[in-house]
Each structure stands twice: as C-alpha cells, then as structure tokens.
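Participant: One structure coming up, written as structure tokens, with questions to follow.
The values are calculated or read from the model by the stated rules, or taken from the named source; none is laboratory data. Since this is a predicted model, take the numbers as computed values, not measurements. Cβ placement follows ideal geometry from the backbone for every residue including glycine, while neighbour counts extend to all protein chains displayed.
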C-alpha cells in the first residue's frame with residue numbers, strides 16, 4: 001500500500017496544480033474585457049499581474065515553511081480557500097486597486113502554495129523517478145489552462161466576465177481543498193504507517209515488515225533543523241548562481257504566458273483563436289513537463305534544462321515574424337514544451353544541490369526571488385506595448401532572456417555531482 005500511495009500524492013498534487021494555475025493564468029482572458037469596460041491601460045492591468053507574481057513568490061516562502069512545519073494537508077486547505085475566495089471576489093472589481101488587492105493579495109497568498117509545498121512533498125516521496133513524478137504533479141503550471149481557458153472563455157461568453165469570476169472561484173476552491181485532504185508530508189505520516197507495528201525509519205530507508213524500501217526522503221533526525229539549513233543555503237554563492245538562471249527563465253516565461261492571448265489578438269485573430277492558442281501552449285507545456293522530466297532522470301537535469309531553454313528561445317524568436325495560423329500554433333506548442341520542460345528541472349536541480357531537509361522552504365525561497373524577475377518581465381512587456389503599440393520588442397526580449405538563462409546555467413554544471 002505504501003509503495004502505491006506515493007502516486008496518490010502525485011495525483012493530489014496534479015489536481016491542485018491544474019486547478020490553481022489554470023484559474024490564475026486564465027486571467028489573461030479577462031484582460032481585454034476589463035480594459036474595454038473601464039478604459040484602463042495595458043500597463044495598469046498588467047501591473048496588477050506583476051504585483052501578483054511578486055507576492056505569489058513572496059508567499060511561497062511561508063507556505064513552503066508551513067508545509068515543512070505543519071504538513072502539506074493543512075497548508076493546502078488554507079491555500080484553497082484563498083485561491084477560491086480571491087477569484088470569487090473578482091465579481092466586484094470596479095477600481096484598479098481591486099485588481100491589485102485580488103491578484104497581489106488574496107489570490108497570491110493561496111497561489112504561494114501551488115508549487116513549493118507540492119514539489120517538496122513529491123520529492124520526499126520519491127528518489128527514483130523524481131523528475132517524472134514532479135513533472136506530473138506540477139503539470140498544472142503548464143496544462144492548467146488547457147482545461148480552464150476553454151471553461152473561462154465559455155463562462156465569459158455565457159455569463160459575462162463578472163459571473164465568470166464567481167464560478168471559477170467556487171470551482172477552484174472546492175477542488176483544491178478536496179485534493180489537499182489526501183496529502184501527507186512523507187511516508188512516515190501515511191495513514192498506513194500509523195497502524196503498522198512493523199514500520200520504522202532507518203537512515204534513508206523505510207522498513208516495511210523488515211524489507212528496506214527506498215522511497216526518497218526519509219530523515220533520520222541527525223540533520224540540522226530546516227530553519228538553520230535554509231539559512232546555510234541562502235549564504236551559499238551557488239544558490240545565487242542558481243537563482244540568476246532560474247530568474248531569467250521566469251522573466252521570459254512570464255512574458256510569454258501573460259501576453260499570449262493579447263499577442264495573438266494583435267496578429268489579427270479573434271478571441272476564439274486566442275483561447276485555442278492558449279490551449280496549444282498549455283498542451284506543449286504539459287508534454288514538456290512529463291517528457292523532459294523523464295529525460296532529466298535519464299540524461300541529467302541540467303542538460304535537459306538547457307535544451308528546454310534553447311528550444312523556447314528559438315520558438316519565441318520565430319513567433320515575432322510568424323503570420324500564418326498553423327505556424328503560430330506550432331511555435332506556441334514548442335515554446336510550451338521548452339518552457340515547461342525546463343521548469344520541471346528547477347526542483348530536481350535545487351534538491352540535488354541542497355537536499356531535502358528544508359525542501360519546502362528552499363523551493364519557496366526560489367519562487368519568492370524569481371517571482372521578482374517575472375514581475376519585472378510582465379511590467380516591461382506592458383510598458384513596451386504602451387510605448388510602441390506592439391509586442392514585437394517584448395518577444396525579442398523574451399527570446400534573449402531564455403537564451404541568456406541557458407548560458408548562465410552552465411555555471412552550475414561542476415556542482416551537480418556533489419552534495420551540498
């Protein structure tokens with residue numbers, strides 16, 4: 001039972017990830033409707049998302065710490081109420097500060113739990129197949145919009161954008177809270193173990209009926225506390241080298257993700273096509289997360305990370321000059337594969353460099369810091385659009401940042417064969 005329950009953990013994380021990110025990033029479909037109704041500028045609206053990306057990262061640190069300290073179940077139940085409640089309150093948007101309060105406050109608190117606690121929990125349950133498990137469990141960052149973009153577009157067309165916010169909030173909150181009930185921090189807290197007198201932990205192995213089973217992250221109590229270990233990590237120069245490449249990855253990825261629908265509209269296509277392209281990007285992202293997760297387990301995390309970045313950079317550059325619908329669809333699928341596939345490696349690289357003792361707080365710290373990069377990217381893309389009337393230079397910048405991230409990541413290669 002214990003061997004199979006780790007896949008229940010993955011499925012629960014899968015559900016939470018899809019729901020959280022699918023709801024959060026479908027916000028791009030509300031952009032044009034809000035701008036048209038209130039006459040607000042692109043930079044004003046995109047600024048709320050920039051703040052959201054910063055605060056979503058900031059709240060990832062305490063959410064990750066809470067998952068280390070109190071376990072992922074209670075952490076994600078609380079997160080579900082914030083995601084659902086914040087989305088529901090979009091029903092009442094009438095002033096710019098409402099957008100900033102929702103995306104940068106209420107919803108961002110909940111979204112702080114949508115990645116760090118989940119990937120940390122999966123890492124504790126897996127040693128082998130960790131890349132695959134993380135790819136599946138965190139796939140919502142990619143294919144969440146595959147499910148929620150069509151749903152959001154349907155609700156907007158049938159009910160109007162205000163009631164669409166309401167029902168998205170109800171659906172997302174209910175699903176996240178329900179899935180969170182199945183989460184446990186590691187195999188030592190699995191319900192099966194509470195009733196098994198022949199269960200104990202020895203070193204990095206879990207002994208079930210005297211048979212050693214390596215499930216990943218057993219802690220034998222000899223390591224320092226998570227708080228002290230996190231401080232040690234933050235003082236290490238390797239951590240900041242890692243952050244530099246991860247930050248540029250998210251800078252470029254945020255531009256591509258947030259401006260996707262408006263970019264397609266700028267090319268002269270209608271709302272239906274923009275929603276379909278969002279789905280194509282999400283599909284590619286999901287393929288990349290799972291496919292490159294498997295590849296990372298086989299040939300190395302860093303190599304796959306670099307391949308994904310280069311693929312995304314080349315595809316974004318081609319999009320600048322693409323005019324045909326098929327070409328745009330194909331390029332956004334490739335961007336999704338590269339962006340999602342490289343994103344899966346963030347956790348595997350971090351864990352391999354710094355271990356599992358403070359995994360939740362570690363990944364929360366990573367997201368908190370690189371979220372600043374993402375916010376800057378989204379803000380500049382909106383500002384560039386306001387100044388030039390086009391996303392041309394935003395996508396040139398996006399392509400360059402993907403490529404630069406791949407180049408900077410090479411500085412980590414000599415460290416990945418060592419333990420922290």
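Participant: Can you find a residue in region 48-68 that is in the same structural domain as residue 260 (by TED's automatic domain parsing), surrounded by fewer than 20 Cβ atoms within 10 Å (Cβ to Cβ) and part of a loop (DSSP other than H, G, I, E, B)?
Facilitator: Checking region 48-68: not a single residue is in the same structural domain as residue 260 (by TED's automatic domain parsing), surrounded by fewer than 20 Cβ atoms within 10 Å (Cβ to Cβ) and part of a loop (DSSP other than H, G, I, E, B).
Participant: Whether any residue in region 85-92 is outside any helix (DSSP H, G or I), assigned by TED's automatic domain parsing to the domain that holds residue 295 and on the phi < 0 side of the Ramachandran plot is what I want to check.
Facilitator: Applying the first criterion (outside any helix (DSSP H, G or I)) to region 85-92 yields none.
No, that holds for no residue.
Participant: Sort through 247, 253, 272, 291 and tell me the only one that's touching a helix residue (DSSP H, G or I) at 6+ places or on another chain (Cβ under 9 Å), farther than 25 Å from residue 44 by Cα, assigned by TED's automatic domain parsing to the domain that holds residue 367 and assigned to a helix (DSSP H, G or I).
Facilitator: Numbers: 247 fails: farther than 25 Å from residue 44 by Cα; 253 fails: farther than 25 Å from residue 44 by Cα; 272 fails: farther than 25 Å from residue 44 by Cα.
Result: 291 is the single residue among 247, 253, 272, 291 that is touching a helix residue (DSSP H, G or I) at 6+ places or on another chain (Cβ under 9 Å), farther than 25 Å from residue 44 by Cα, assigned by TED's automatic domain parsing to the domain that holds residue 367 and assigned to a helix (DSSP H, G or I).
Yes/no per residue for (1) part of a helix (DSSP H, G or I); (2) farther than 19 Å from residue 129 by Cα; (3) assigned by TED's automatic domain parsing to the domain that holds residue 247; (4) under 19 Å from the mean Cα position of the chain (by Cα):
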| residue | (1), (2), (3), (4) |
| --- | --- |
| 312 | yes, yes, yes, yes |
| 316 | yes, yes, yes, no |
| 335 | yes, yes, yes, yes |
| 348 | yes, no, yes, yes |
| 357 | no, yes, yes, no |
| 362 | yes, yes, yes, yes |
| 369 | yes, yes, yes, yes |
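Participant: Regarding residue 382, is this residue assigned to a helix (DSSP H, G or I), buried (at least 24 other Cβ atoms within 10 Å of the Cβ) and more than 20 Å from the chain's Cα centre (by Cα)? Break it down into steps so the answer makes sense when it comes.
Facilitator: Numbers: assigned to a helix (DSSP H, G or I): yes; buried (at least 24 other Cβ atoms within 10 Å of the Cβ): yes; more than 20 Å from the chain's Cα centre (by Cα): yes.
It is true that residue 382 is assigned to a helix (DSSP H, G or I), buried (at least 24 other Cβ atoms within 10 Å of the Cβ) and more than 20 Å from the chain's Cα centre (by Cα).
Participant: Would you mind stating whether residue 155 is in a helix (DSSP H, G or I), free of Cβ contacts under 8 Å to residues at least 40 places away in the same chain and in contact with a helix residue (DSSP H, G or I) (Cβ under 7 Å, 6 or more places away or on another chain)? Don't jump to the end; show me each part of the working.
Facilitator: Values: in a helix (DSSP H, G or I): yes; free of Cβ contacts under 8 Å to residues at least 40 places away in the same chain: yes; in contact with a helix residue (DSSP H, G or I) (Cβ under 7 Å, 6 or more places away or on another chain): yes.
In short, yes.
Participant: Working carefully through the options 179, 108, 133, 174, find the one that is outside any loop (DSSP other than H, G, I, E, B), in the same structural domain as residue 273 (by TED's automatic domain parsing) and under 30 Å from residue 300 (Cβ atoms). Talk me through it step by step, then tell me what you get.
Facilitator: On the way: 179 fails: under 30 Å from residue 300 (Cβ atoms); 108 fails: under 30 Å from residue 300 (Cβ atoms); 174 fails: under 30 Å from residue 300 (Cβ atoms).
Testing whether each residue is outside any loop (DSSP other than H, G, I, E, B), in the same structural domain as residue 273 (by TED's automatic domain parsing) and under 30 Å from residue 300 (Cβ atoms) leaves just 133.
Table: residues versus (1) modelled with pLDDT of 85 or more; (2) more than 21 Å from residue 360 (Cβ to Cβ).
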residue: 215; (1), (2): no, no
residue: 218; (1), (2): no, no
residue: 223; (1), (2): no, no
residue: 233; (1), (2): yes, no
residue: 240; (1), (2): yes, no
residue: 244; (1), (2): yes, yes
residue: 263; (1), (2): yes, yes
residue: 275; (1), (2): no, yes
residue: 287; (1), (2): yes, yes
